[in-house]
Amino acid sequence: MDGITVRTPLIPLEWNGARLYLKPENLQPIGAFKLRGAYNKIASLSDDERARGVITYSSGNHAQGVAYAARALGTKAVIVMPRNAPAVKREATAALGAEIVFVGPSGVERQLKAEELAAEHGYIIIPPYDDEKIIAGQGTAGLEILEDLPEVDLVLVPIGGGGLISGISTAIKSVKPNAKVIGVEPELAADAQASFRAGQIVKFPAEQVLSTSADGLRSQYVGTITFEHIRRYVDDVVTVSEDDILNAVKILAENPKTAAEPSGAVAPAAWLFHRDSLPKSSFTVAVISGGNIDPELLKKVVSSDHSTLTSR
């Protein structure tokens, strides 16, 4: 993936006498980690498959990853997006040359439309997360963490569909089996936590997950493949509130290199506001999964007065 993805550094954040290392995937060319998996998947296709074009279904960051990777590899990209996707993500995807098809807000609706178009036109589906090549691509972030901080003993990763945490946890546990990997979700979209506790995939209603500000984590359920990775390699899944998420966005925005969208701030939020409930650690990394935040939302969050910030 040389020349396509950025090898993001670890950036220390000092808070209340402790240090957190941030993995800023917001610094990727598309502003999110999704480029890793999308490029790995499309690059693995045969010339004949790429000639047919690719299609995916996404609320934004995976859409941009597929559009960017497809353009780099010279193949057509069709993206099925919800009409309520943030404008910044819709516009960025279109600017990368992808053809966009809009549907309603449900993730299931997006997937069904993509499958329909793939059957009609012969496109190759590039899943957002439930695919071994996608997972392997996301796992490169975990390998980088190990190279840059061999002492790491706790890694915090956001969970939407589970592709990122599947790849990172597999990489971390293969080298440091005693290190802890914790998934983090919004309270309003805690389907992965419910699945982890139940030992089987639990589906959340669309109207519930749509209520979180973390639009990149609005998956109604984790994938079949990703759930098996989560069960095997992830130690626990915790949740954070909407206030926690927006407070974290405000804190991270103080450094332009760590500016995060709500989805990207979820993992740091767990450390910032719920450190006592996390496993004890000496070297903790939290992944900023993306930074594609609507400018008006960022302005509103930064100018607001959040009471929890007084604990700093």
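Looking across region 9-56, the residues that are of a type in the set (S, T, N, Q) and either under 19 Å from Gly97 (Cβ atoms) or in the same structural domain as Val287 (by TED's automatic domain parsing) (or both) come down to Asn16, Asn26, Gln28, Thr56. Go through region 1-33 and give me each residue that's over 26 Å from Phe283 (Cβ atoms), in contact with a helix residue (DSSP H, G or I) (Cβ under 6 Å, 6 or more places away or on another chain) and surrounded by 19 or more Cβ atoms within 10 Å (Cβ to Cβ). Matches in region 1-33: Ile30 only. Checking the stated criteria, Val184 turns out to be touching a strand residue (DSSP E or B) at 6+ places or on another chain (Cβ under 6 Å) and within 15 Å of Leu164 (Cβ to Cβ). Remark: pairs (first residue in region 143-171, acidic (Asp, Glu); second residue assigned to a loop (DSSP other than H, G, I, E, B) and buried (at least 24 other Cβ atoms within 10 Å of the Cβ); Cβ separation under 8 Å; 6+ apart in sequence or on different chains) are absent. Note on region 161-273: enclosed helices (runs of 4 or more DSSP H) holding 3 or more residues that are among the polar types (S, T, N, Q) and either surrounded by fewer than 24 Cβ atoms within 10 Å (Cβ to Cβ) or at pLDDT 95 or above (or both) are 163-175.
The residues of region 191-231 that are closer than 20 Å to Gln138 by Cβ and without any contact (Cβ under 8 Å) to a residue 12 or more places away in the chain amount to a single one, Glu228. Scoring Ser106 on the criteria (1) under 16 Å from Gln220 (Cβ atoms); (2) touching a helix residue (DSSP H, G or I) at 6+ places or on another chain (Cβ under 6 Å); (3) at pLDDT 95 or above leaves a single failure, condition (3).
Mind checking which residues of region 146-196 are under 30 Å from Glu207 (Cβ atoms) and either among the acidic types (Asp, Glu) or assigned by TED's automatic domain parsing to the domain that holds Ser106 (or both)? The answer is Glu185, Glu187, Asp191. Here region 87-117 is the region considered, the condition is being surrounded by fewer than 20 Cβ atoms within 10 Å (Cβ to Cβ) and touching a residue at least 40 places away in the same chain (Cβ under 8 Å), and the residue that is nearest to Gly31 (Cα to Cα) is Val88. Applying the set (1) surrounded by fewer than 17 Cβ atoms within 10 Å (Cβ to Cβ); (2) assigned to a helix (DSSP H, G or I) to His62 leaves exactly one unmet item: (1). State whether one or more residues within region 100-121 are at negative phi, in the same structural domain as Thr226 (by TED's automatic domain parsing) and over 18 Å from the mean Cα position of the chain (by Cα). Checked against the condition, which is being at negative phi, in the same structural domain as Thr226 (by TED's automatic domain parsing) and over 18 Å from the mean Cα position of the chain (by Cα), region 100-121 yields no hits at all.
From the list Ala94, Ala63, Ala85, Ala38, the lone residue that is among the aliphatic types (A, V, I, L, M) and modelled with pLDDT of 95 or more is Ala38.
The values are calculated or read from the model by the stated rules, or taken from the named source; none is laboratory data. Values in this document were obtained by computation on a predicted structure and should not be read as measured data. Ideal geometry is used to build each Cβ from the backbone, glycine not excepted, and the neighbour counts take in all protein chains shown.
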